[in-house]
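Below is one structure, written out as structure tokens; comments come after it.
Coordinate-derived values only; no laboratory data. All figures in this text were calculated on a predicted structure; none of them were measured in a lab. Don't worry about glycine lacking a Cβ; one is built from the backbone with ideal geometry, like all the others, and counts go over all protein chains shown.
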Amino acid sequence: MTRVFEHAPIDFRGMPPAVKGLIIANVAVFLLTQLVGPQFYTLFGLVPARVLQDHWLWQPVTYLFIHGGIWHLLFNMFALWMFGVPVESQWGSREFLKFYFICGLGAAAASLAMSPHSVVPVIGASGPIYGLLVAFAMLYPDAVVYLWFFFPIKASHMAVLFGILEFYFGATGATPGIANFAHLGGMITGYVYLRWWWIWKIKAKAALGVNRGDPLIRFKRSAPPQTKTASSHQAAKRPPEAASMDDVDRILDKILTNGLESLTEDEREIMRRYSDKTNH
């Protein structure tokens, strides 16, 4: 079933802490940039030649907070709010920030690889925001997003479309002045992190029984019952020691793709049993 997300009116006080903190930091740095002048871009933007030749190693992080104009800032902060709020609400602030900066570093790595001798600063939070688009699309693939405020499109289709466009624009040079490969680097980094690294981390934690309070493997007993599927119902009836890794793998894949809320009560029970077994 297609899912439509309806954000409430923007309420800054009600935003989750990581998204709120990132917006404050970006606005503050933008104001500072206006006071300092163009040299701020050269010093704190991502200048590939300075990073690779002069080892200005702070730039792959600081460039994320610098924007070239008010519309650049507003668009990125709007996208951060739109995709960041549901993702942070699903993961928690710590995992959200980790993902955000990993995607930012991936975007920086793509810029360095594609233009290692460039002295033109790359700036903006677009890299991690494109990574958040991927995360949102993987968590809520059927959610409807209004592209450019007018055209309804599924989140999964939007992520694929944007990935194709960024590759095309980057390969043809059709949009000079825009770091298309940085955007694409953020998307690829986000996908790889979620599809391979993060799922194996979840599996390792479940297998080792590490940190049962981690939001990635915590399941609430008060969750409302949902429709049971034949496979999950049969698996839940097995004794704890008979719950196979195939069941656990299937459920972890489902969490990664559709989020915790997609689990049935039987699937939550399987994970509780498995977690209990690995901790005894």
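Compute the label zone of LEU31 within the stretch 38-64: residues whose backbone N is under 19 Å from the point 7 Å along Cα-to-Cβ. Only 38, 40-41 pass the distance filter. Footprinting exposure proxy ranking of HIS183, HIS55, fewest other C-beta atoms within 10 angstrom first, gives HIS55, HIS183. Shape analysis of the stretch 3-199 based on the Cα gyration tensor places the equivalent ellipsoid semi-axes at 26, 20, 16 Å, largest first. Neighbour counting of Cβ atoms within 10 Å sorts the residues PHE78, PHE162, fewest neighbours leading, into PHE78, PHE162. By the count of neighbouring beta-carbon atoms within 10 Å, fewest first, THR172, THR62 end up ordered THR172, THR62. If R0 is 35 Å, the Cβ-Cβ spacing of PHE150 and VAL120 corresponds to a FRET efficiency of close to 0.60.
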